[in-house]
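Accompanying notes for the structure given below.
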Amino acid sequence: MRLLKSNNKKYCFIMDMEVRDYELDCEQIVNNANYLHYMEHTRHKFCADAGMSFIEMHNKGIDAVVRKIEVEYITSLRGGDSFLSCLRLERKGPRFIFHQDIIKTNGETVAQGIVTVVVLKDGKLSRGDDLAKVFAKYIR
């Protein structure tokens, strides 16, 4: 776990990212859909760093699928902004809950997301115990 001083939250994964020009809308701010891409990319990198990429999961018959996403947009990213995509993880029964924050490098929180994921094992809903073993040291 890593404490981020700007908001005093502990994260198990933090990724440096930057806004790309093609992510901007006509107002020259990041289009809201791109925050979902940032969060998804962060979850995928987290899984690979934790020991099992999405491809490896699928090849083992494990598919982590998004059940629900809730995002609160607080302020906007603009072209040229650098930011941190931060993640912490909890488990509630068969659900994995990813708490994800997008934070400008100046410490300003841009967006906060809660992503609920369930796990299919060989195409059937499971408790996700195989994945829980991989994530054990990261789950709060």
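The values are calculated or read from the model by the stated rules, or taken from the named source; none is laboratory data. Note that the coordinates shown come from a computational prediction; the quantities given were computed from them, not determined experimentally. No Cβ is skipped: glycine too gets one built from the backbone with ideal geometry, and neighbour counts run over all protein chains shown. Just so you know, the surface numbers come from the protein's heavy atoms only, side chains and all, with ligands and any DNA or RNA stripped out. Shrake-Rupley method; radii C 1.70, N 1.55, O 1.52, S 1.80 Å.
Order 101-108, 69-76 from most to least packed using the mean count of other Cβ atoms within 10 Å.
Details: 101-108: 17.1, 69-76: 13.4.
Put in order of decreasing packing, that is 101-108, 69-76.
Give the percent of DSSP beta bridges with both residues in the chain that are antiparallel, rounded to the nearest 5.
Percent antiparallel among DSSP bridges in the chain is about 100.
Taking the Cα of His37, stepping 7 Å toward and past its beta carbon, and measuring to each backbone N in the stretch 114-140: which are under 20 Å?
Within reach of a label on His37, which here means backbone N under 20 Å from a point 7 Å along Cα→Cβ, the stretch 114-140 contributes 114-115.
Taking the full set of protein chains and a 1.4 angstrom probe, give the accessible area of Met52 in square angstrom, rounded to the nearest 10.
About 20 Å², rounded to the nearest 10.
Considering the zone a paramagnetic label at Lys124 would reach in this model (a point 7 Å from Cα along the Cα-to-Cβ line), which residues of the stretch 62-102 have amide N under 16 Å from it?
Under 16 Å, as judged by backbone N against the label point of Lys124, lie 62-63 of the stretch 62-102.
Over the Cα atoms of the chain, each weighted equally, I'd like the Debye log10 I(q)/I(0) at q = 0.09, 0.15, 0.16, 0.17 Å⁻¹, rounded to two decimals.
After summing over all Cα pairs, the log10 values are -0.28, -0.74, -0.83, -0.92.
Could you work out the local net charge near Arg91, counting Lys and Arg as +1, Asp and Glu as -1, over the other residues with Cβ closer than 12 Å to its Cβ?
Numbers: positive: Arg88, Lys92, Arg95, Arg127, Lys133, Arg140; negative: Glu90, Asp129.
Once positives and negatives cancel, what remains is +4.
Expected output is a single nm value to one decimal: the length gained when fully extending between Val66 and Glu18, i.e. 0.36 nm times separation in residues minus the C-alpha distance. What is it? Walk me through the intermediate numbers first.
On the way: separation 48, 0.36 × 48 = 17.28 nm, distance 2.44 nm.
Here the segment from Val66 to Glu18 would lengthen by 14.8 nm.
Largest first and to the nearest Å, give the Cα extent of the stretch 47-125 along each principal axis.
Principal axes ranked by extent give 43, 22, 19 Å for the Cα atoms.
Nothing charged except the Cβ atoms of Lys and Arg (+1) and of Asp and Glu (-1): what's the magnitude of the dipole of the chain about its Cα centre? Round to the nearest 20 debye.
Approximately 920 debye in magnitude.
Just from its helices, what would the mean residue ellipticity at 222 nm be for the chain, if runs of 4 or more DSSP H residues each count -39500 (n - 2.57) and the sum is divided by every residue, rounded to the nearest 500 deg cm²/dmol?
That calculation yields -7000 deg cm²/dmol at 222 nm.
Per residue, what accessible area does the chain have, given a 1.4 Å probe and all protein chains present, in Å²?
I get 56 Å² per residue for this part.
So what J values fall out for the stretch 26-40 if you push phi through Karplus, 6.51 cos²θ - 1.76 cosθ + 1.60 with θ = phi - 60°, rounded to Hz, Gly and Pro as x?
Values, residue by residue: 5, 8, 6, 10, 5, 4, 4, 5, 5, 5, 5, 5, 4, 5, 5 Hz.
Please compare each pair in Lys9/Lys68; Lys104/Lys137; Lys9/Lys124 to a cut-off of 25 Å on the Cα-Cα distance and tell me which ones are over it.
Check vs 25 Å cut-off fails for Lys104/Lys137; Lys9/Lys124.
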